Amino acid sequence: MAQVWVWMRNGLALVGVLAIGFWLGTGRAVNASSSESGQGVQFQLTGVDRGSSLLVYHPGTKSVYVYQGAMEGNAALQCTYKFQMDRPGDVIQREGCGVQKLIP
């Protein structure tokens, strides 16, 4: 009977600690990269597999750059295309990134 009490106590403690962890972690957005003023380049890596892509947002030009296949192939990524956004609700234009140099 004492052994059952020990297992039950440990299980309840574990559930309590997990509940506190989930409660403390809710409602927080994770910013992968940003400057203090919010004007720096921001990025997000979606997935870590063959279908992954890297999204880079540049607030100065209001553009999102898409790098497909970020986790496969060689280490040099080429921009696939970019989205130009002028105002929320307007048409978003997708453009090619153009010819890029491997070493700037």
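Find how much the distance from Gln78 to Gln100 grows on full extension, using 0.36 nm per residue of separation minus their present alpha carbon separation; answer in nm with one decimal.
7.2 nm
Rounded to two decimal places and with Rh computed the Kirkwood way over Cα pairs, what is Rg over Rh for the range 42-96?
Result: Rg/Rh = 1.02.
Which length gain, in nm to one decimal place, applies between Leu45 and Asp90 when the Cα-Cα distance is subtracted from 0.36 nm times their residue separation?
13.6 nm
Just so you know, all these numbers are worked out from the coordinates, no wet-lab data involved. Predicted, not measured: the structure shown is a model, and the values here were computed from it.
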